[in-house]
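The values are calculated or read from the model by the stated rules, or taken from the named source; none is laboratory data. Bear in mind the structure is a predicted one, so any value in this text is a computation, not a measurement. Neighbour counts run over all protein chains shown; Cβ positions are idealised from the backbone, glycine included. For the accessible areas, the whole protein counts, side chains as well, though only heavy atoms, and no ligand, DNA or RNA atoms are used. Shrake-Rupley method; radii C 1.70, N 1.55, O 1.52, S 1.80 Å.
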Amino acid sequence: MSSTLRRRLLLPIAAAGIVGFALTGCTGDIAAEGPDDCSDYEEYGTFEGAEVSIQGTIIEVEADRLVESWADFEACTGIEIQYQGTQEFEANIEVLAEGGNAPDLGIFPQPGLFSRIAQAGHFVEAPAAVEENVDEFWNEDWKAYGTVDDTFYGAPLMASIKGYVWYSPATFEENGWEVPEDLDGLMELTAQVAEEGGDDLKPWCFGLGSDAATGWPGTDWVEDMVLRLHGPEVYDQWVAHEIPFNDPQIVEAFDAVGEILKNEDYVNGGIGDVRSALSTPFGEGGLPILDGECAMHHQASFYEGFWPEGTEVAPDGDVWAFITPPADASGEQAVTGGGEIVGAFDDREEVAAVQAYLSSDLWANNRVALGGVISANNGLDASVASSELLTQSIEILQGETTFRFDASDLMPAAVGSSSFFTGIVDWIGGDDTQSVVDAIEDSWPAE
Amino acid sequence: MTSADLIEKIVQVLIGLAVFAAVVGLVMFLVDRAPKKRRDVVQLIAFLAPAVLLLGAGLVWPALRTTGLAFTSRSGAFVGFENFAWIFTQEDALITVRNTIIWVVLVPLLSTIVGLAYAVFIDKSRGEKYFKALVFMPMAISFVGASIIWRFVYEYRQADDPQIGLLNAIVTAFGAEPVRWLQEPPVNTFLLIIVMIWIQTGFAMVVLSASIKGIPTEQIEAAQLDGTNAWQRFRNVTLPGIRGSLVVVVTTISIATLKVFDIVRTMTAGNYDTSVIANEMVTQAFRAGEPGRGSALAVVLFILVLPIVIYNIRILRQQREIR
Amino acid sequence: MTSTTPNVAATLPADSTRADDTTKAKRVKRRLTSRGATIASLIIAIIWTIPTFGLFVSSFRPREEIIENGWWTIFQNWGLTLENYQEVLLSPSVSAPQLGSYFVNSIAIAIPATIFPLVIASMAAYALAWIKFKGASTIFIVIFALQIVPLQMALIPLLQIFTGVITPAQNWISEVLPFIPTSNYLQIWIAHTIFALPLAIFLLHNFISEIPGEVIEAARVDGASHSQVFFRIVLPLALPALASFAIFQFLWVWNDLLVALIFSGGTSEAAPLTQRLAELVGSRGQEWQRLTAAAFVSLVIPLIVFFGLQRYFVRGLLAGSTKG
C-alpha cells in the first residue's frame, strides 16, 4: 500500500475515533454500594472472583431493575453477574446452545422454548436448593412449567396477568355503566355502549401490530375465552394437543371473541374499522380510551406502562382495569398470564447459588419492591408492589384463582409463535373461523 | 466504561491489526524467497489459501450441513423429501415462490438502471460527492431503519383523520380514499420491492461509478472528436467499458434480494400474501424451531440461484476466450 | 498497444494523475452533462431523499405529533424537541454501558472486519485472475456461488468450530503471554471476514481481471514476483474498487446485530451500537419514536467513511497505460 493510501485511510478512522472519544465523555463508572448487612445472603456462600453470565429478553428499565435486584447478592457473595438482555434472545439461544457458547443462565419467557432446549439436552438439572424453594413458594402449576419429561430444570422468575379489561372509570360513571360480573354481562355492556355511545364512542378498541409477532394480542383474547368457556382441563388438552386446534370448543371460543372483534359496530373505537387493528401497534390500541372514543381495551397488566406520562391508573383515576369476567358470576374465576423461567447451562457452584437466589422469596421481594413487575412467589409481600394494580395482581396470583400460562407460549413454536399469530391476522382480515383453525391445526408439528 | 477499558479496547484492535499485517507481510516475504522451482505453486497457495480455508470452514461446511439437515425432521431423523413436500403443499407456498421471483426480477433490474443512470448523469458534475451521498444514504441506514422509514410512508389512517403517511396524504389530496397499502395484495408486494430498490440503488451507483471512472479518458475524448452525441458515447464507450461491473452488480443484487427477509419481516411479517422464501426460512429455522424445514427452504434458495451462477460461468468463459 | 514499464505504473504519483485528470475532466464536462441529465439526476436525488428527510424531520418531533399528523405539516403543527436525541444519546441505564462504549465497540469491530476481508479477498482475487492454474474458474465460481449461503444457516457450525478451536487457543495464549488481553472481538472479526469473502472476491476479481494484461505481463517479464506485482501494481490500480468494497463492508458490519450477538461470547463488553439502538425501542416496541433519532445517530459514522473514501474514486488511474 502506498503511503498516501495509508494516510487517507487514517483520516476517516481518526474522525470516527474522535466521535467515539467525544461520546465516551458521557461515560462514567457507577459506584457500587454494598449492603450494611449480609446475613440474608450467608446461605449462598462466598466466592472469590466468580462470574456468572445471564441472558434474557429483559431490556432497558426492566433490565436495570433486574441488575439492581442482585446488587446486594453480588456484594455479599462476591459473585459478579454479567447480564446481557436482547430481544433476539429467543431466536439466538438455540444457536448459542447448539454452538457451545450459551450463557450460564437463560431467562426464558416461553415454557415452550424452555422445554425445547431441555429436550435437546442443553440444560443441567436444577440444584436441590432451587427445587426446595419452588416447592415452598410456588404452586404445582408453576413448577410444572419448569419441568420437562419429569425432570425439574428451573424455577419461575416473574409473572404478569393477561386478560385485564382497561376502561375509564369516569366514562363508565358518566354513562351509568357497571363493571360486568360474567361474560353475558360483558356482551350486554358492549351492546349497551354501542347503542348509547353514539358515533364517537365505540365499545372496544384494539391493536394487533407487533412487527414479526403481529397478531399476538388476539391470541390472548382467544385463550381467555377458551379458559373461561371450557375450563382449565380443556385448556390444558388444547395446549398439549390432546384435542385438535380445530375442535368445536376452540371454534366456539374464537367465535365468542369474533362477536366483539369482528363486529364493525363494536370496534375499533377512535381508530377505524375491524381491519384497522392489523396496522395499529398494540401499544396504541388502548389509547383512544383517554380521548373518550373507546370504552374498553383488553390487554395484560403490563399495559399500565403504555399510558402516556401523567395518566393516573387507579379505581378512581383516568384508567383502571377489571379482569375479563368468568362465564358464570358464581363460578370459579380463572386467569391467563405469562412469566419467565430460569434455565441453567452450567452446574458450577456459583451458577447454582445465583439460581437459588433467583428462586427465593428474598429475591422476589427485592425485585418487586423496585417496581413495575410482579411474581407468583408465595413468599412475596403483595404490599411492596409499585402500584395498586400490581398489588391486586399479586393477590390474584397468590389466591385461589386458577392460573394458566399463556397458551401460545406453551405450544410448539411452529404454532405458538407462528401460525397462531398469522391465523389471527387472517381471521381479523376476514377469513372465517373454521378455515383459520384448520390451517393452524395443519401446522401443528408431527411427532 | 472507564478509560482503562477504552485503552484496552484500542490495544486489542491495534494488536489484531498488527498481527494480521505481520502475518501477511511475513508470508509475502517468505513466498518471494521460495525455491525457484516451486515458486509459482507456493505463491498461488499463499495468495489463495487464506480465503479458501476460511470459506471452507465458514461457508462450505455449513452449506453441506444445511443440505443434510434439509432431509431431517425436528428430532434429527432422516425423512427424505418430506420437508420439501411440506414447502410446496402449504397453502401459501406458491404465492411465496411467486413473490420471490417477482422480487428477484424487479429489484436488480430497476436498481441497476436507476443506479447506472444516476452514476452517468452526475459523473464529473459539481457536487458529485454530495449527489452520491444522497442516494448512498439509504444503503447506510440498516434494513430495519429503512423499513421504519417506509412504514411511515405507507401508513394508513381512517378517512376522516389526518393522514400521516406520505403516500396516503398524496392520494387523499387528489380526493381519493386512503388505501391500506401494506394490506392490499398484490400492490403491497410491489411497495415492499420499492424499499429494496431504494436501498440497492446506492450499491449499484457506487460500484458502477467506480467502474465508469476506470474507463480511459482517451476513449471518451476520441469518441467526442468523432462528433458523437452523449447517448452514442454512452452506448459505444461507457456501456462496453463497464460490462463486467454491470454483470457483477446485477448478480450481487439478485443474490442479496433472494436472501433479504428483514424488510418483509418488519413491514408485514409475511402476512397479506407478501412472504418470500428467505422470510419463511428464517421463521421456520429460528422462530418455529423447525431447522429441517428452514434448511429445505435454504436449499430451494440455492437452486434458485443456479441460473445466475450458470450465466456467470458463461460470461467468465467469454472473458477468458477474449484474453 | 503500448504500455508503460511496470515501475512507472507503480510509482505514478496519485496527485499528478488527478491533476491531469481534472484538466481533462473540465474539457469533457461541458459536452457530457446536458440539462436533461441534470434534471433527471435532481429528480432521482429528491425522490431518494424524501423518505429519509421525513424521518429526519420526525426525529425532532414529539411522539404525540408524529402519530397525530404528517411531518410535512410541521409548520402548521409546530413543535420541535431534542428529546428523542437526548434519550438515545444520554438515557442512563445501570445494566447497559453508556452509548460511548457501544460506539467504541462498533468501531473496534468494524475497522478490522473491513480491512481483513479486503486484504484476503484482493489476494485471492489476484490469484484467480492472474496466476494461471487449472481449476481457477471452478474455484472462482464456487466462491461466488457461496454468496447464497444464508448467514443464519452458517452460525451454528461456525460457532462450534470457534468454541472448539479459537477459544482454547485464546486461553492458551493468555496463559503463556498474560500481558496480551484476550480479545472479545476476535471471533466477531473472523466471522465477518468469512461472510464478506464471497462478495469481496467476486467484486474485486472483476476489477482486478480488467487491469490490462500488458501492464502485469511486462512486470512479470522484468522479473517481478507475484507479491511485488500485487502490491506495486494491482492494489494501486484497483483503488476505486477497493474503496467501494470497503465502504459497503464497513456498512454491513456497522449495521450488523446478529453476528455480534452470536459471536460476542455472551458478554455485553463487545456489544455494538446496533444492540443499544434495538434496546432503546423498548421490550415491547413502545418507544419506537426513539428509532427516528437512533437511525440518524448511527448514520453519522458511515457517512464520514463514505466521504473519507470518496477521494479514491479517481479517474484515469489507468491513464497512459493503454490506448484502449
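Of the GluC sites (Glu not before Pro) found in the stretch A:147-234, those in coil by DSSP whose Cβ has at most 12 other Cβ atoms within 10 Å are A:178. Residues of the stretch B:149-256: accessible area per residue at 1.4 Å, in Å²? Counting only protein heavy atoms, the per-residue value for the stretch B:149-256 is 37 Å².
Going 7 Å from the Cα of residue A:386 along its beta-carbon direction, which residues of the stretch A:68-94 have the amide nitrogen within less than 18 Å of the resulting point? Only A:68-72, A:85 fall inside the zone, counting backbone N under 18 Å.
Within the set of other residues whose C-beta is less than 11 Å from the C-beta of residue A:407, count the net charge using Lys and Arg as +1 and Asp and Glu as -1. Combined, the nearby Lys, Arg, Asp and Glu give -4.
Within chain A, helices built from complete DSSP H runs that reach 30 Å or longer along their own axis (Cα positions) and carry a mean Kyte-Doolittle hydropathy of 1.0 or higher are A:3-24. So how far, in whole Å, is the C-alpha centre of the stretch A:227-297 from the one of the stretch A:78-147? Taking the Cα centre of the stretch A:78-147 as reference, the centre of the stretch A:227-297 is 31 Å away. Rounded to the nearest 100 Å², what is the sum over both chains of accessible area buried where B meets C, with a probe of 1.4 Å? Summed over both sides, the interface buries about 10500 Å².
Accessible surface ranking for C:232, B:157, C:276, 1.4 angstrom probe, highest first: C:232, B:157, C:276. Comparing Cα centroids, the stretch C:230-276 and the stretch B:301-323 end up 28 angstrom apart. Determine the relative contact order of chain A: mean sequence separation of Cα pairs under 8 Å and six or more apart, normalised by residue count, in whole percent. Averaging sequence separation for qualifying contacts and normalising by length gives 23 percent for chain A.
In the protein assembly as shown, helices alone account for a calculated mean residue ellipticity at 222 nm of -18500 deg cm²/dmol, with every DSSP H run of four or more residues adding -39,500 (n - 2.57). Between residue A:312 and residue C:42, the modelled labels are 5.8 nm apart [label points 7 Å from Cα along Cα→Cβ]. Give the percent of DSSP beta bridges with both residues in the protein assembly as shown that are antiparallel, rounded to the nearest 5. Approximately 55 percent, going by the DSSP bridge assignments.
DSSP finds beta bridges in chain A, and of those with both partners inside it, around 55 percent are antiparallel.
Counting Lys +1, Arg +1, Asp -1, Glu -1, what net charge surrounds residue B:31 among other residues with beta carbon under 13 Å of its beta carbon?
Numbers: positive: B:33, B:36, B:38, B:39; negative: B:32, B:40.
Neighbour charge sum, excluding residue B:31 itself: +2.
Chains A and C: how much accessible area gets covered up at their contact, both sides added, probe 1.4 Å, in Å² to the nearest hundred?
Using a 1.4 Å probe on protein heavy atoms, the buried area is about 4200 Å².
Taking 0.36 nm per residue of sequence separation and removing the Cα-Cα distance, the residue B:98/residue B:18 pair yields an extension gain of 23.9 nm.
Take every residue in peptide B:86-93, count the Cβ atoms of other chains within 10 Å of its Cβ, and give the average of those counts.
Numbers: counts 2, 0, 0, 1, 3, 6, 3, 0.
Per residue, the number of nearby Cβ atoms from other chains is 2 on average.
With contacts taken as Cα pairs under 8 Å at a separation of at least 6 residues, chain B carries a relative contact order of 24 percent.
Take each residue in A:417-424, count the other chain C-beta atoms within 10 Å of its C-beta, and the mean is 3.
Count, for each residue of A:212-219, the Cβ atoms from other chains sitting within 10 Å of its Cβ, then give me the mean as a whole number. Walk me through the intermediate numbers first.
Details: counts 13, 4, 4, 2, 0, 0, 0, 0.
Mean shielding by partner chains, rounded to a whole number: 3.
Ranking A:255, A:409 by solvent-accessible area of protein heavy atoms (1.4 Å probe, all protein chains present), from largest to smallest, gives A:255, A:409.
Between residue A:432 and residue A:140, what is the FRET efficiency for a Förster distance of 41 Å, r being their Cβ-Cβ separation, to the nearest 0.05?
Details: r = 39 Å, r/R0 = 0.94.
My answer for the efficiency is 0.60.
Each Lys or Arg adds one and each Asp or Glu takes one away; over the other residues whose Cβ falls under 10 Å from the Cβ of residue B:278, this sums to 0.
Interface B-A: total buried accessible area of about 2400 Å², 1.4 Å probe, protein heavy atoms only.
The distance linking the stretch C:151-181 with the stretch A:157-188 is 55 Å (Cα centroid to Cα centroid, whole angstrom). Simple spin-label estimate for residue B:236 and residue A:332 gives 9.1 nm between the two label positions (7 Å along the Cα-to-Cβ direction from each Cα).
Would you mind telling me the share, in percent, of accessible area of the protein assembly as shown contributed by carbon and sulfur at probe 1.4 angstrom? Display every interim value, and only then the final one.
Values: 24580 of 42970 Å².
On the protein assembly as shown, the fraction of accessible area on carbon and sulfur atoms equals 57 percent.
For residue B:262, the solvent-accessible surface with a 1.4 Å probe is about 40 Å², rounded to the nearest 10. Per residue, chain A exposes an accessible area of 38 Å² to a 1.4 Å probe, with every protein chain left in place.
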